[in-house]
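K.L.:
Let me begin by handing over the structure; questions about it come next.
Since every read-out is calculated from the coordinates, none of them should be taken as a lab result. Remember, it's a predicted structure, so these values are computed and weren't measured experimentally. Because the Cβ atoms are built from the backbone with ideal geometry, glycine has one as well, and the counts that use them run over all protein chains shown.
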């Protein structure tokens, strides 16, 4: 326990914080240069949860990547699913039916609520307000049960699929969701009362961890962190996807870019997200949730009908085409392309009840068969809970990705972390780091 | 000889009072926080299937702590490392011997005082013992060979210096009224009534002093929102390199200090053992053999109930508020509590002077 000599010849007190430290979540390491309790400089070391997600994705068929995306931001996994599927669908040229889009919005916003609840709760706990933490986690638990109803899992959800979603809403979901929101609103109000005007809490978070608008933009920071500085950039507004352009929602912004503003922005977004879900329930049309397995016509037959001018008979029908099947030699096949049977898997009733369904299922899941995506690349950003979550997918025309690049929102915030905590005290690190909402799953991938 | 035995018995009882409160508070802490947080709380410890709302955790927790491995990391200063928990726990425990748990009762033709150590400077004794206890924290931080421990020890030292001063200042107003540092006399003074209806307790006559005392007292216990030496999510604290019962002793210290602060509050601001409207000879009808012990029981019960009330408030605060930052804590102590306490003291002195010079005495 002596002062250490740095490379540049100075001596300094170096404090190693993490990865085994209560506030570092076990997945990150800070090396602090201290002067008393003041932090003079910081070195951030990441990578403790690196799982080679991007490399792993190259080894799996397109749809099998969806479960790996669950593990990116494990506090809001539904948004990751949706983002990845949107990118693949853009490459495929497939559009999910409107109901499916609404379902994806509902799922995304539920995840955003759980994420913000977790972030605010953990931040409060790390500042010593343990009771607030449990109030918020209790309401998050109700939302997790809702997610469990929706897709059969609490964290590893894999709800979105390329071409749609796993299943439509279960019976009674809307009523459950509304009562869950009532509980969430109540506990958020409790937290608001316990924290927002609490002198101790305000002193801890006001004026700490400040970043300017320009710096935030320069670092590539997005999401609540950027909005707290006053920049109203929200992917849902700036580049609408799904049905966000049809929904009314606010994009709350702060002004000072400190921890308190980030806390307030998150609280406001909780309410905004819940209102989006409620709007979805009102506006959601009936109909299929996923791309339909429409009546299939062989490519050769379809082109014959087309030549004969009998367009009405093939309108809305899909071409049965699979380049690696025997039928690929049929004449006219090369000119016919479309959403084949393999974009989505048939319903289980079809699989067990009919030979066509069974075949479709097999074609969808067999090794080297399944979903084939045209060569090219597509980038789709979605508004993750921490900011812009982007998936850049590359295809060489095969049945598995050539490359999947994920843009994790909190990587850019972590890059700015030394700027946020240098000059503050050791105690400020906790408040600032909590408001970053660093999720190692997406940070390290 | 009888006097010595009686004093020893009383000191033993006072230490038992402290230890039992600490053990009980361990359970209260878990259960009260659970109730506040919509949880069930500790309820698994059972004896022959009997659970009694988790009360057996009072026994189970020490057993667990005593049977855990007592790990001493390499590089610590062994003597200080071993001594620190004892220093930390021992001194606040001794402070409990100075409180008047009851007045004086007649029994077997003799007067029996229910105060273990009858000292004319009892309050100074209590403050000194609490101040000594902080050496354990500094020692632990210094001996641990860890920057986290060291930071905790340093935080503890400056927090204690700041709040020792504040604590004394907040008590000054009340002490000026009582005119004595003797805790028994302070209680005796508070047994009078204002206009015959309101007891002249410190909290009634010194409300500002009482509130400031509770704040400074909470800081002295090193518990949230003043748990900076510990700061579990920041630096883990001065006891980061301790395990087993040594760690348990640090935990108990906080609880014992809570009891000391609660006892101080009860003695100086809530009338000590005084029960309003209960005449001194209330139990004389029971006869000479029973009257004294009955009165003693009522006094001790009254004192204990007041201590329990203050502890409840402290516990409620602990589970509601977040933690201060270090500079804010010192600002609160030096720049807010201390000036307010001194102003309170000056006002009190002025009021007492005026009352004396006019010959007014609002209480009898």
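K.L.:
For chain A, what class follows from the C-alpha gyration tensor (a ≥ b ≥ c being the square roots of its eigenvalues): rounded when a/c is under 1.5, otherwise prolate if a/b is larger than b/c, else oblate?
P.N.:
prolate
K.L.:
Quick check on chain B: of the DSSP beta bridges with both residues there, what percent are antiparallel, nearest 5%?
P.N.:
100 percent
K.L.:
In square nanometres and to one decimal, what's the mean projected area of the convex hull around the Cα atoms of region A:359-445?
P.N.:
About 7.6 nm², averaged over all directions.
K.L.:
In whole angstrom, how far apart do the alpha carbon centroids of region A:351-368 and region B:62-133 sit?
P.N.:
77 Å
K.L.:
Hey, in the GNM for chain B with a 10 angstrom Cα cutoff, which one of B:235, B:47, B:161 fluctuates hardest?
P.N.:
Looking only at B:235, B:47, B:161, the biggest GNM fluctuation is shown by B:47.
K.L.:
While we're looking at this one, here's another question. Using Cα atoms only, what is the angle between the long axis of helix B:288-318 and the major principal axis of chain B, expressed in degrees (0 to 90) to the nearest 10?
P.N.:
For helix B:288-318, the angle is close to 50 degrees.
K.L.:
May I pose another question? Only helical DSSP H runs with n ≥ 4 go in: add -39500 (n - 2.57) per run for chain A, normalise by residue count and round the 222 nm mean residue ellipticity to 500 deg cm²/dmol.
P.N.:
After summing the helix terms and dividing by the residues of chain A, the value is -14000 deg cm²/dmol.
K.L.:
Still on this structure, I have one more. Mind ranking B:120-132, B:207-219 by how tightly packed they are, going by the mean number of other C-beta atoms within 10 angstrom, highest first?
P.N.:
Put in order of decreasing packing, that is B:207-219, B:120-132.
K.L.:
Could you line up A:354, B:144 from fewest to most neighbouring Cβ atoms inside 10 Å?
P.N.:
Ordered by Cβ neighbours within 10 Å, fewest first: A:354, B:144.
K.L.:
Along Cα→Cβ, 7 Å out, is where each label goes; now give me the distance between the ones at residue A:255 and residue A:50 in nm to one decimal.
P.N.:
Those two pseudo-labels are separated by 4.4 nm.
K.L.:
Working from the pairwise distances between different alpha carbons, so that the mean of 1/r is found and then inverted, what is region A:85-238's Kirkwood radius in Å?
P.N.:
For region A:85-238, the Kirkwood estimate is 17.8 Å.
K.L.:
Above 24 angstrom, tally the Cα pairs of region B:6-156 and express them as a % of all pairs, no decimals.
P.N.:
55 percent
K.L.:
Be a star and scan region B:202-233 for residues whose amide nitrogen sits under 11 Å from the point 7 Å along the Cα-to-Cβ vector of residue B:355.
P.N.:
The answer is B:202, B:205-206, whose backbone nitrogens lie closer than 11 Å to the label point.
K.L.:
Also: 222 nm [θ] for chain B, helices only, -39500 (n - 2.57) per DSSP H run of 4+, per residue, to 500?
P.N.:
Estimated from H runs of four or more residues: -21500 deg cm²/dmol.
K.L.:
What FRET efficiency do you get for residue A:153 and residue B:334 if R0 is 60 Å and r is their Cβ-Cβ distance, rounded to the nearest 0.05?
P.N.:
FRET efficiency, residue A:153 to residue B:334: 0.65.
K.L.:
May I pose another question? Can you tell which of A:396, A:428, A:286 shows the greatest fluctuation in a Gaussian network model of chain A with Cα springs below 10 Å?
P.N.:
Of the options given, A:286 has the highest mean-square fluctuation.
K.L.:
In percent, what relative contact order does region B:20-159 have, based on Cα pairs under 8 Å that are 6 or more apart in sequence?
P.N.:
19 percent
K.L.:
Now for a separate question. Given an 8 Å cut-off on Cα distances and at least 6 residues of separation, report the relative contact order of region A:147-198 as a percent.
P.N.:
So the answer I get is 23 percent.
K.L.:
Using a 10 Å cut-off on Cβ to Cβ distances, tally the other chain neighbours for every residue of B:213-226 and report the average as a whole number.
P.N.:
Averaged over the peptide's residues, the number is 1.
K.L.:
Wrap a convex hull around the Cα atoms of the protein assembly as shown, take a quarter of its surface area, and give that in square nanometres.
P.N.:
With every direction weighted equally, the projected area is 46.1 nm².
K.L.:
If you don't mind, there's one more thing I want to ask. Against the longest principal axis of chain B, how steep is helix B:244-269, in degrees 0 to 90 to the nearest 10, with axes from Cα atoms?
P.N.:
Helix B:244-269 and the main axis of chain B meet at about 20 degrees.
K.L.:
Within a 10 angstrom radius of each residue's Cβ in A:121-129, how many Cβ atoms of other chains show up on average? Whole number is fine.
P.N.:
The per-residue average across the peptide is 5.
K.L.:
If you don't mind, there's one more thing I want to ask. What number, in percent, do you get for the relative contact order of chain A if the mean sequence gap of Cα pairs under 8 Å and at least 6 apart is divided by its residue count?
P.N.:
So the answer I get is 23 percent.
K.L.:
Quick one: grab the alpha carbon gyration tensor of region B:2-358, order the square roots of its eigenvalues as a ≥ b ≥ c, and give me rounded if a/c is under 1.5, else prolate or oblate depending on whether a/b is larger than b/c.
P.N.:
It comes out oblate by the Cα gyration axes.
K.L.:
Taking the Cα atoms only, what angle lies between the long axis of helix B:207-220 and the longest principal axis of chain B, rounded to 10 degrees?
P.N.:
Long axis of B:207-220 versus the principal axis of chain B: about 30 degrees.
K.L.:
Could you tell me the convex hull volume per residue, in Å³, taken over the Cα atoms of region A:160-200?
P.N.:
Convex hull volume per residue, Cα atoms: 92 Å³.
K.L.:
If you take each beta carbon of peptide B:228-234 and count the beta carbons of other chains within 10 angstrom, what is the mean?
P.N.:
For this peptide, the per-residue mean of nearby foreign Cβ atoms is 6.
K.L.:
Next up: Who wins for biggest fluctuation among A:308, A:427, A:12 in a Gaussian network model of chain A, springs between alpha carbons below 10 Å?
P.N.:
Comparing A:308, A:427, A:12 in a Gaussian network model of chain A, the most mobile one is A:308.
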